[in-house]
Amino acid sequence: MVKPEINTAKPHAARVYDFYLGGKDHFAADRETGQALMRVVPTIRAAARENRAFLGRAVRFLVAEAGIRQFLDIGTGLPSANNVHEVAQGLVPSCRVVYVDNDPIVLAHARALLTSSPEGKTAYIHADLREPEKILSDPVTRATLDFSQPIALMLVAVLHFVPDEAQPRRIVDTLLGALPSGSYLAASHVTPEHDPVGVGGLARTYQASGLPAQARAASDFAELAFRGLDLVDPGLVPVSEWRPDAGSARPPASEVNLYAAIARKP
């Protein structure tokens, strides 16, 4: 197996996200891009934290209420606090998780840190969302997940890095098409609706750094990701408004600029 090379001169979305969350696994190019993005939207670091909090609430719902025991998390990013398997296996130790990302640093850290409970299983593959067939057919994916039983597909803060010319609809349809009835999709996505000037600047800054990016309105995100699925209450809402923890302080939508939803495949 050829080890993917780490290009430290080019920023990567996973490492920029790690920078926002206060991690240590980023390089000068990632920090420069992250700081440039913060100049355009000063609240982007808070938005990253809100998105990460949504991920935890989503996994808790999927395990505790929806009865899901398997997860396919694509664009997982660098290991942080409350990773999918930690939340899921903390509730039901037998949960199984496949993580997918295309950053070699994520690969190295995931193999070292994403260790499973004895009862469950956690695996990681180096692959790209834009090649869904490879993700689905990977021997590790097939050995870890049972595709005859419901699976939660996690596309959290990743679809906005797939512009229309990369055919995101085909990608989502391919992934969902492989999952059985009763599976779920949890996803979040940057929106320009609440701060069009700032978010427009975000997209341009990402693009100038060599990272494809496209913000989408709620209706476009819904059509892309959730068409034909049954949305779970409260539907498609700002990420901080999806079943927030009681008593939690929630920033306004214009500071978060992310929509989120969970939906069930009939």
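Computed over the alpha carbons of the chain, Rg followed by Dmax gives 17.1, 49 Å. Rolled with a 1.4 Å probe across the full set of protein chains, the surface gives His109 an accessible area near 50 Å². Heavy-atom accessible surface of segment 1-52, averaged per residue, reaches 56 Å², computed with a 1.4 Å probe.
Name the residue from Val100, Ser116, Pro132 whose Cα lies farthest towards the positive end of the charge dipole of segment 68-146, charges +1 on Cβ of Lys and Arg and -1 on Cβ of Asp and Glu. Farthest towards the positive pole: Ser116.
For segment 74-185, the solvent-accessible area works out to 39 Å² per residue, with a probe of 1.4 Å and every protein chain left in place. Among the GluC sites (Glu not before Pro) in segment 15-67, those placed in a DSSP loop whose Cβ has at most 14 other Cβ atoms within 10 Å are Glu65.
So how do Phe147, Phe27 rank on accessible area, 1.4 Å probe, biggest first, that is with the largest at the start?
Phe27, Phe147
In the chain, the portion of solvent-accessible area held by carbon and sulfur atoms comes to 52 percent [1.4 Å probe, whole percent, DNA, RNA and ligands not counted]. Each residue of segment 120-223 gets 121 Å³ once the volume of the Cα convex hull is shared out per residue. Estimated purely from DSSP H runs of n ≥ 4, each contributing -39500 (n - 2.57), the mean residue ellipticity at 222 nm for the chain is -11500 deg cm²/dmol once divided by its residues. The accessible area of Tyr17, taken with all protein chains in place and a 1.4 Å probe, comes to roughly 50 Å². Within segment 9-41, which residues have the backbone N less than 17 Å from the label spot 7 Å out from Ala208 along Cα→beta-carbon, could you tell me? What the label zone holds, given the 17 Å backbone N cut-off, is 10-12, 29-41. Between Asp128 and Gln35, the contour length at 0.36 nm per residue exceeds the alpha carbon distance by 30.9 nm.
When you filter the GluC sites (Glu not before Pro) in segment 97-177 for DSSP loop state and at most 14 other Cβ atoms inside 10 Å of their Cβ, you are left with Glu119. Rolled with a 1.4 Å probe across the full set of protein chains, the surface gives Tyr20 an accessible area near 10 Å².
The values are calculated or read from the model by the stated rules, or taken from the named source; none is laboratory data. In this text the structure is predicted, and so the values were computed from the model without any measurement. Positions of Cβ are generated from backbone atoms using ideal geometry, with glycine treated the same way; all protein chains shown enter the neighbour counts. The area values use the complete protein model at the heavy-atom level, side chains included, leaving out ligands, DNA and RNA. Shrake-Rupley method; radii C 1.70, N 1.55, O 1.52, S 1.80 Å.
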